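Student: Here it is: the structure, laid out below.
The values are calculated or read from the model by the stated rules, or taken from the named source; none is laboratory data. Computed from a predicted structure; not experimentally measured. A quick note on method: Cβ atoms are made from the backbone with ideal geometry, for glycine too, and the neighbour counts reach across all protein chains shown. To get the accessible areas, we keep the full protein, side chains included, count just its heavy atoms, and leave off ligands, DNA and RNA. Shrake-Rupley method; radii C 1.70, N 1.55, O 1.52, S 1.80 Å.
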Amino acid sequence: VERGIEPRKTSNYTVQDGQIVLAQSAENRNGMQPLIEITVKGKKKYEAKIGEDVRFTAKITLPDGIGKVTGIEWSFEGEQDYPVKTTFSVLSGNESTAEAFHIYGKEGIYFAVARVSVQRKGTNNIYTQIYNLDRMKVEVE
């Protein structure tokens, strides 16, 4: 306990078949990481056409007291540096949303990834960001 501030509760999880399974809601998850879910038209798997403008939506939920969303960045075709940065909108105190668009130029199977960052005071200090990500499958034909 630093400066009389209680630490956060430990993350709730179970182990099933050797895999860590986290609680599905930020409220039940505890810990420090934000919860993010990306979809296209409400689906976790999407079939797109070459040249289609695919609209991704990210729903971000924060456990109570961990801070504020400071950024969201995307990788649509396996880029390692998350080249697409977008803005986000705060829906309520603990929920935010973001959108991104991408056009796939050739067929294949892609895993779109969104990474969200949070900081306790809402600053962009690179040393105190907390990250989490989500991915979804996009099949392009």
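Student: Which value in deg cm²/dmol, rounded to the nearest 500, describes the helix-derived mean residue ellipticity at 222 nm for the chain, given -39,500 (n - 2.57) per DSSP H run of n ≥ 4 and division by the residue count?
Tutor: Values: 1 runs with 4 residues, N = 141.
Taking each H run of at least 4 residues, the total per residue is -500 deg cm²/dmol.
Student: Can you list residues whose amide H is under 5 Å from N30's amide H, if they're 5+ apart or on another chain and H is modeled 1.01 Å from N?
Tutor: N12
Student: Give me the percent of the accessible area of the chain that comes from carbon and sulfur atoms, probe 1.4 Å, all protein chains in place. Mind showing how you got there, number by number?
Tutor: Details: 4380 of 9020 Å².
Carbon and sulfur together cover 49 percent of it.
Student: Report, in listed order, any pair from K9/K137; K41/K68; K41/K106 with a Cα-Cα distance greater than 29 Å.
Tutor: Working: K9/K137 32 Å; K41/K68 26 Å; K41/K106 21 Å.
Distance filter (> 29 Å) returns K9/K137.
Student: If you don't mind, there's one more thing I want to ask. Over the chain, calculate the relative contact order: mean separation of alpha carbon pairs under 8 Å at least 6 apart, over the residue count, as a percent. Provide the component values of the computation, followed by the final result.
Tutor: On the way: 320 pairs, mean separation 37.6, N = 141.
Computed over the chain, the figure is 27 percent.
Student: Got a number for the accessible area of L22? Probe 1.4 Å, square angstrom, nearest 10.
Tutor: Solvent-accessible area, nearest 10 Å²: 60 Å².
Student: Mind putting a number on the dipole of the chain about its Cα centre? Charges go on the C-beta only, +1 for Lys and Arg and -1 for Asp and Glu, and I need it in Debye to the nearest 20.
Tutor: Around 400 debye, computed over the chain.
Student: Kirkwood hydrodynamic radius, computed over distinct alpha-carbon pairs, for the range 11-69: how many Å, to one decimal? Walk me through the numbers on the way to the answer.
Tutor: Details: mean 1/r = 0.0731 Å⁻¹.
The Cα-based Kirkwood calculation yields 13.7 Å.
Student: Follow-up. If packing is taken as the average number of other Cβ atoms within 10 Å across a peptide's residues, how do 121-132, 71-82 rank, most packed first?
Tutor: On the way: 121-132: 11.8, 71-82: 16.0.
Per-residue mean Cβ counts within 10 Å order the peptides as 71-82, 121-132.
Student: For the range 56-114, what relative contact order do you get, as a whole percent, if you take Cα pairs closer than 8 Å and at least 6 residues apart?
Tutor: Working: 85 pairs, mean separation 25.0, N = 59.
Reported relative contact order: 42 percent.
Student: Starting at the first residue of the range 113-119, write each ³J(HN,Hα) from the Karplus equation 6.51 cos²θ - 1.76 cosθ + 1.60 with θ = phi - 60°, in whole Hz, x for Gly and Pro.
Tutor: 10, 10, 10, 10, 10, 9, 9
Student: Taking each pair of distinct Cα atoms in the chain once, what is the resulting Kirkwood hydrodynamic radius in Å? Write down the numbers at each step before the final one.
Tutor: Values: mean 1/r = 0.0615 Å⁻¹.
One over the average 1/r among Cα pairs gives 16.3 Å for the chain.
Student: Now for a different question. Taking the alpha carbon gyration tensor of the range 86-125, what are the square roots of 5 times its eigenvalues, largest first, to the nearest whole Å? Please report the intermediate quantities before stating the final value.
Tutor: Details: eigenvalues 162, 30, 15 Å².
Each semi-axis is √(5λ); the values are 28, 12, 9 Å.
Student: Here's another thing I want to ask about it. Rolling a 1.4 Å sphere over the protein heavy atoms, what is the accessible area per residue of the range 64-141, to the nearest Å²? Show your work: numbers first, answer last.
Tutor: Values: 4570 Å² over 78 residues.
Value returned for the range 64-141: 59 Å² of accessible area per residue.
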